[in-house]
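**Student:** If you scroll down you'll find the structure; I have some questions about it.
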Amino acid sequence: MSKPTIVLLHGVGLDHTMWEPAAALLADRFTVLTPDLPGHGSRPPARDGVTLADLADGVAGGIPAGSHLVGFSLGALVAQHLALHRPELVATLTSVSSVCERTSEERASVLARLRAAEADFAASTAASLERWYAGTDVAPARVARTEATLRANDVSSFLNCYRIFATADAELGPDLGAITVPALAVTGENDPGSTPAMTRRLAAALPDCRAVVIPEARHMLPVERPEAFVGSLTTFIGECAHA
């Protein structure tokens with residue numbers, strides 16, 4: 001009997017390697033696919049004017065119909081777009097550390113981070129690592145892997161994709177109610193950017209969505225707390241399978 005397929009979409013400036021801790025825990029039960037988004041990893045740089053639809057189209061061809069689709073941060077927005085426009089690909093939708101319908105203050109904050117990255121990419125990278133990992137017990141080698149991935153980005157490509165991350169929740173917001181697949185929204189209690197409030201906002205906007213907040217975790221939930229993340233994910237998928 002073939003295993004169900006789970007597709008993991010990474011965040012902005014990262015690549016498929018962010019999923020290694022979680023993928024190792026999922027491999028016995030699922031066929032795990034971890035594609036790089038356009039403009040990331042082994043993919044060519046993202047052009048000026050790239051859109052959320054471009055990112056979604058850039059991975060859709062590698063997603064088998066009826067997959068369990070999981071997106072982290074920017075990847076969550078891509079996953080939501082696919083659930084809206086390519087619903088045949090999606091059996092369940094899990095949004096991890098996802099933004100949703102940012103307030104004006106939340107929008108101003110992310111646009112300030114975009115301007116900071118435009119002005120000084122190296123300092124912006126250091127700030128991201130601090131925001132994601134400060135006070136956690138993530139192994140230094142894993143943090144170094146994240147840092148190396150961030151620093152390897154083509155800066156223009158990163159900025160083009162970060163603009164999508166900073167704005168696409170407004171594009172998606174009015175249509176979230178049309179996503180009818182079973183959904184999970186999960187984030188860390190101490191995530192300062194993709195907050196528990198946003199996760200509850202997303203769960204309220206989707207017709208069939210539950211919210212889970214992992215205690216004491218920060219933004220890089222699948223890296224920091226892979227067991228807790230995978231536990232919430234597999235419980236959700238298992239309940240959907242037996243519904």
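**Student:** Choose one answer from Ala23, Ala148, Ala185: the residue with the largest mean-square fluctuation in a GNM of the chain with alpha-carbon springs under 10 Å.
**Tutor:** In the Gaussian network model the winner is Ala148.
**Student:** Okay, moving on. Rounding to the nearest 10 and keeping the result within 0 to 90°, find how far the Cα-based axis of helix 104-119 lies from the longest principal axis of the chain.
**Tutor:** Taking Cα atoms only, the helix is inclined about 50 degrees.
**Student:** What's the angle, to the nearest 10 degrees (0 to 90), between helix 226-241's Cα axis and the longest principal axis of the chain?
**Tutor:** The angle comes out at about 30 degrees.
**Student:** Relative to the Cα centre, what is the charge dipole magnitude of the chain, using +1 at the beta carbon of each Lys and Arg, -1 at the beta carbon of each Asp and Glu, and rounding to the nearest 20 debye?
**Tutor:** My answer is approximately 80 debye.
**Student:** Pick from Ala205, Ala166, Ala122: which is most flexible by mean-square fluctuation in a GNM of the chain where alpha carbon atoms under 10 Å apart are linked?
**Tutor:** Ranking Ala205, Ala166, Ala122 by mean-square fluctuation puts Ala122 first.
**Student:** Report, to the nearest whole %, how much of the accessible area of the chain belongs to carbon and sulfur atoms, 1.4 Å probe, protein only.
**Tutor:** About 55 percent, which is the carbon plus sulfur part of the accessible surface.
**Student:** Please list, ordered by chain and number, the residues whose modelled amide H lies under 5 Å from the amide H of Glu189; skip anything fewer than 5 residues away on the same chain.
**Tutor:** Those lying under 5 Å, H to H, from Glu189 are Ile214, Glu216, Ala217.
**Student:** Taking 0.36 nm per intervening residue step and subtracting the Cα-Cα distance, what contour gain separates Asp28 from Ala170 on full extension?
**Tutor:** Gain in length upon complete extension: 47.4 nm.
**Student:** Right, another one. Take the chain, connect every pair of alpha-carbon atoms lying under 10 Å apart with a spring to form a Gaussian network, then pick out the residue of Gly62, Gly75, Gly193 with the largest mean-square fluctuation.
**Tutor:** Of Gly62, Gly75, Gly193, the Gaussian network model singles out Gly62 as fluctuating most.
**Student:** Counting only C-alpha contacts under 8 Å and six or more residues apart, can you give the relative contact order of segment 105-241 as a whole percent?
**Tutor:** Taking the mean separation of contacting Cα pairs over the length of segment 105-241, I get 23 percent.
**Student:** Between Ala119 and Glu20, what is the label-to-label distance in nm when each label sits 7 Å out along the Cα-to-Cβ direction?
**Tutor:** The modelled label-to-label distance comes out at 3.4 nm.
**Student:** Under 5 Å between amide hydrogens, which residues at least 5 positions from Gly41 or on another chain qualify, with H placed 1.01 Å from N in the peptide plane?
**Tutor:** Close amide H contacts, sequence-distant or interchain: none at all.
**Student:** A follow-up question, please. What whole-number value in Å² describes the accessible area per residue of the chain for a 1.4 Å probe?
**Tutor:** Using a 1.4 Å probe on heavy atoms only, each residue of the chain averages 40 Å².
**Student:** Taking the Kirkwood radius as the inverse of the mean 1/r across Cα pairs, report the Rg/Rh of the chain.
**Tutor:** That ratio equals 0.93.
The values are calculated or read from the model by the stated rules, or taken from the named source; none is laboratory data. As the structure is a computational prediction, the values presented were derived from the model and not from experiment. Note that each Cβ is placed from the backbone with ideal geometry, even for glycine, and that neighbours are counted across all protein chains shown. Side chains included, ligands, DNA and RNA excluded: accessible areas come from the protein's heavy atoms. Shrake-Rupley method; radii C 1.70, N 1.55, O 1.52, S 1.80 Å.
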